[in-house]
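K.L.:
What follows is a single structure, and I will ask about it in a moment.
The values are calculated or read from the model by the stated rules, or taken from the named source; none is laboratory data. What you see is a predicted model; the values in this text were computed from it and never measured. Positions of Cβ are backbone-derived with ideal geometry, glycine not excepted, and every protein chain shown enters the neighbour counts.
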Amino acid sequence: MSTLAASETIVRELGSIVGERNVTLDALAINGVTPTHVVAPASAEECAQVLAFANNSNLVVAPAGGMTKQDIGGVPERIDILLSTTRLCGIEHYDPGDLTIGVNAGMTFGEVQRTLGEHLQWLPYDAANLDHATVGGCVATGATGPLKHAFGGLRDFCIGVQFVTADGKVAKGGGRVVKNVAGYDLMKLMNGSFGTLAVITRAAFKVFPRPRQTRSFICKFKSLDEALQFRTKMFQSPLTFLSMELISPQGPEYLSEAREPNDPDHYAPSAPVSLKPTTWQVALRATGSDNVLARYQRDLGSVVTLQLDGADEERFWKNVACFEQNVLGRHRNALVVYTHLAIQNVGPALHALERVATDYNFIPAVVGRAATGNLVIALLPLSVDPPSAMQYANCVSAYRGMLPQGSSAEVAHCPVEAKGHFDIWGTSTSDITMMRAVKNAIDPKNILNRGRFII
Amino acid sequence: MLDKPEELMMYEYDAGVDKSRPGAVVFAQNTGQVAQIMTLATKHKIPVVPRGAGTGLSGGAIAKKEAIVLSLARMNKILDIDIPNQRAVVQPGVVNLELSNATAKHGYYYAPDPSSQKACTIGGNVAENSGGPHTLALGVTVNHVTGLEVVLPDGRVVRFGGKAQETTGLDLTGFFVGSEGTMGIVTEVTVKLTKLPEHVTTLLGIYNSVQDAANTVVAITQSGVTPAALEMLDGWMLRCVEENVHAGYPTDAAAVLLIELEGMTEVVEEAAEAVAAVCMQQNAREVRRARDEKQRQLLWLGRKTAFGAVGRVSPSYYTQDGVIPRTKVPATLAEIDRISKFYGLIIGNVFHAGDGNLHPLILFDARDPVQKENSKKAAKEIMACCLKYGGSITGEHGVGLEKMNLMPSMFTEEDLTVMIQLRNAYNPDSILNPQKMIPELHYCREISGPLPTAKVEPVAGLPV
């Protein structure tokens, strides 16, 4: 498909479906691979025609929303068509009284939140970069933020999904009501499928009343184990928090936006430190009336070193959600690993991380959902020894090898050069043959995001 | 194993409307046996229908005579209660309430609470993605399952997920929940345990008009309060239930709302005041609050035994499970009232109002062919009404046999084709639970069979 004549045919075909204006040839590279064509359909039906054409012509398609998470995953052999959902915008249905909303995939999540906010409602969802990330992209990547603690991920409140399969079928699962068991739960299947099963064109969600006021409590501890003991005490207490986030000693350095990337690209604390920082933090967010918040304050007592509300609080949680982005804004060569653990395995995993980081010349920085066991781990290169590709590979293997059974660790970011040397996704606790069987059942030619996901 | 006609009779129905006598019933004791049975079944092309307690309401556990029923009821051990990780690992035959009873002493419980929770099994809950009154705030089964061990139709044993809340790759755990036994047989389930709330209170809003009660539902959800449960019983149901359990329901009311609030004491107290005010604004005649735990349990007993109470009044009734957007509750109830009058059939309403999940019960005399026919017509009209408002044909009872022929009115041929393609990845020869969920044939239905009797009683302190 690399010849000019072939490309001209593709442009003509795509143009006949979506209009010439909506087919372009200039795309940003994804992991060093530049998509040959970019197409932006205006409806699920147009999307279906594009996919049917691609499927018949054996063209590899990468669905794309706000391009905020495209670096995740393996290096694709080629991308013939980048299918952009940006023209699939607008709200399909929203009646505040129903507490449900249906939106097209290309709408940004920020826009959805603004619409809901006008009615004092929200989706309790605070993954990174929601001003650019689209609804379809958020569902496809299964990304989560600190609010996962109380509300779960999008999977837990996505009530309907419309998508287009590789062979051009427009299909759906669920609907627009909050409780529905008719047919298979295709919402769960699409959530976190990274565009490998279908192109998501629309999603519906259960929405929630927006908390009228919140307050956050920052608690500091001398060691990881003390911090985790406190976490366990808190999630077993009658207090119910919106978020319960663990922040490692180096974490706070990345809780502000990056002004410019570090050059050279290595760990360089903003202020010179004589002693290695050792303070672990647990950040708690609560909601309720003044009376209720007073109870939190009373029960937490002297362990709280800082309280946040208003704009400071918003900024703090936004930065926690954007931790990964803040890291990458400074260190383009950082290694970022999402780690999923049983709750009590957070401690062993982080002790393992400390050892591995030292062995492979990285500085670790971590934020994570301390009581759900979902951590964002960043490993920052040290100046003494700019890491080689193999160093990333060995570091990840060593870390995975030390994780307790039942954990999984997927690499969300590392230099492209390193990606060929190890398994980006690692081992899942779910059966991989069944994952492949599912993929094969609806995309037998493997045209969707070939070579990028675990399947 | 059972294969004598008199033994098989017990297994020819579930709590739903369909009935068929299986060829044999086999009781598996462990995963290995399930795998062996499935290997043999696939080899000899014998259909297998998995079964828990048989409390399902959509015929999911009904097997034809050429099929065998594979009962998981004897795989009923709680394997692990892991409080620090907030998880329990159970075999599929563990009774829902038994798990909550076992964890209550640690201050935890298993949140999904179908009305049949004293008898239904966790394995069955996983198959049906069961709900219950308390799913309004806490979600349904799929929100509480993190890991599964599954035997595939060809006898392979696979694992999805575990104690961690997420894993790398596709969410095959979430996808499996609610697959109604058409993808594999669950032999082990890892579930989340939920902290028992510090404080629980139950309000009873009493109304002279069904519409006012329905309007209150919308108003409460808009007020910023999310109750743990928000249930509605109409006047006919009230009288029926009151006769049965003497819960103190006002028998002259047109409808009541049963509203449960739980959480931190301060939050519950504030919410109770706010909700009571909303009820009064929406013309409630009176708002009562359960004075003590005993009274609260009694109020809930009325709700949870409502179906049984109806059974005493009418030998035959047809339970619907439609879902509508919340704002359409008033209009739908008006429509059901119209349908009831048009066919001259009593239709009682008891349902999860907060979720918009209706359970109209159509009463009829099975000996009267006209009434029987009319009950089906009325049911069809109610379902059509739910779909017209953008709702669903089932909120928690599943499609099973009963609603298979309604699937095309909710899903297009392309939707159903994708579902069949996916099912075939797991169950290519349709050996497992054939002819369920995805439509292939049309069925007519009749009502029969008693509800399963309770096996487990709740322990003190558990939300009911």
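K.L.:
Any idea which of A:ASP263, A:ASP312 is closer than 30 Å to A:PRO387 by Cα, surrounded by fewer than 20 Cβ atoms within 10 Å (Cβ to Cβ) and without any contact (Cβ under 8 Å) to a residue 24 or more places away in the chain?
P.N.:
A:ASP263
K.L.:
Let me ask you something else. Just to verify a result, which residue in segment B:369-403, among those that are touching a Phe, Trp or Tyr at 6+ places or on another chain (Cβ under 7 Å) and surrounded by 16 or more Cβ atoms within 10 Å (Cβ to Cβ), is farthest from B:GLY181 (Cα to Cα)?
P.N.:
Of everything passing the filter in segment B:369-403, B:GLN371 is farthest from B:GLY181 (Cα to Cα).
K.L.:
Would you confirm, using the coordinates I've provided, whether A:LEU350 is assigned by TED's automatic domain parsing to the domain that holds A:CYS322, over 28 Å from A:GLY451 (Cβ atoms), in contact (Cβ under 8 Å) with a residue 12 or more places away in the chain and surrounded by fewer than 21 Cβ atoms within 10 Å (Cβ to Cβ)?
P.N.:
So A:LEU350 does not fit the description; no.
K.L.:
Go through (1) within 14 Å of chain A (Cβ to nearest Cβ); (2) free of Cβ contacts under 8 Å to residues at least 60 places away in the same chain one by one and return the number of the condition B:GLY322 breaks.
P.N.:
Going through (1) within 14 Å of chain A (Cβ to nearest Cβ); (2) free of Cβ contacts under 8 Å to residues at least 60 places away in the same chain one by one, B:GLY322 breaks only (2).
K.L.:
Let me ask you something else. Return the residues of segment B:84-134 that are charged (D, E, K, R), part of a helix (DSSP H, G or I) and more than 11 Å from the chain's Cα centre (by Cα); say none if nothing qualifies.
P.N.:
Matches in segment B:84-134: B:GLU98 only.
K.L.:
Follow-up. Are there any strands (runs of 3 or more DSSP E) wholly within segment A:155-244 with 3 or more residues that are closer than 21 Å to A:THR115 by Cβ, and if so which?
P.N.:
A:158-165, A:198-206
K.L.:
Of all residues in segment B:193-226, how many are facing chain A (nearest Cβ under 10 Å) and not in a helix (DSSP H, G or I)?
P.N.:
9
K.L.:
Looking at B:SER430, B:SER409, B:SER375, can you tell me which residue is more than 9 Å from every other protein chain (Cβ to nearest Cβ) and assigned to a loop (DSSP other than H, G, I, E, B)?
P.N.:
The match here is B:SER430.
Conditions tested, residue by residue: (1) more than 22 Å from the chain's Cα centre (by Cα); (2) assigned by TED's automatic domain parsing to the domain that holds A:ALA357.
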residue	(1), (2)
A:TYR399	no, yes
A:ALA409	no, yes
A:CYS414	no, yes
A:LYS445	yes, no
A:ARG452	no, no
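K.L.:
Pick out the one residue from A:SER216, A:SER256 that is of a type in the set (S, T, N, Q), touching a strand residue (DSSP E or B) at 6+ places or on another chain (Cβ under 8 Å) and in contact (Cβ under 8 Å) with a residue 40 or more places away in the chain.
P.N.:
A:SER216
K.L.:
Name the residues in segment A:207-252 that are among the charged types (D, E, K, R), buried (at least 21 other Cβ atoms within 10 Å of the Cβ) and within 13 Å of chain B (Cβ to nearest Cβ), would you?
P.N.:
A:ARG231
K.L.:
Checking the structure you have, find out if any residue of segment B:345-356 is touching a Gly at 6+ places or on another chain (Cβ under 8 Å), within 14 Å of chain A (Cβ to nearest Cβ) and on the phi < 0 side of the Ramachandran plot.
P.N.:
yes
K.L.:
Mind counting the residues in segment B:406-421 that are crowded, with 18+ Cβ neighbours inside 10 Å and touching a residue at least 24 places away in the same chain (Cβ under 8 Å)?
P.N.:
Qualifying residue count, segment B:406-421: 1.
K.L.:
Can you give me the number of residues within segment A:387-416 that are within 14 Å of chain B (Cβ to nearest Cβ), surrounded by fewer than 19 Cβ atoms within 10 Å (Cβ to Cβ) and out of contact with any helix residue (DSSP H, G or I) (no Cβ under 8 Å at 6 or more places or on another chain)?
P.N.:
Within segment A:387-416, residues that are within 14 Å of chain B (Cβ to nearest Cβ), surrounded by fewer than 19 Cβ atoms within 10 Å (Cβ to Cβ) and out of contact with any helix residue (DSSP H, G or I) (no Cβ under 8 Å at 6 or more places or on another chain) number 1.
K.L.:
At pLDDT below 95 and within 17 Å of B:TYR13 (Cα to Cα): which single residue out of B:GLU446, B:GLU457, B:GLU440 fits that description?
P.N.:
Being at pLDDT below 95 and within 17 Å of B:TYR13 (Cα to Cα) holds for just one of B:GLU446, B:GLU457, B:GLU440, which is B:GLU446.
K.L.:
It is to be established whether one or more residues within segment A:300-314 are among the aliphatic types (A, V, I, L, M) and within 14 Å of chain B (Cβ to nearest Cβ).
P.N.:
Yes, segment A:300-314 contains at least one residue that is among the aliphatic types (A, V, I, L, M) and within 14 Å of chain B (Cβ to nearest Cβ).
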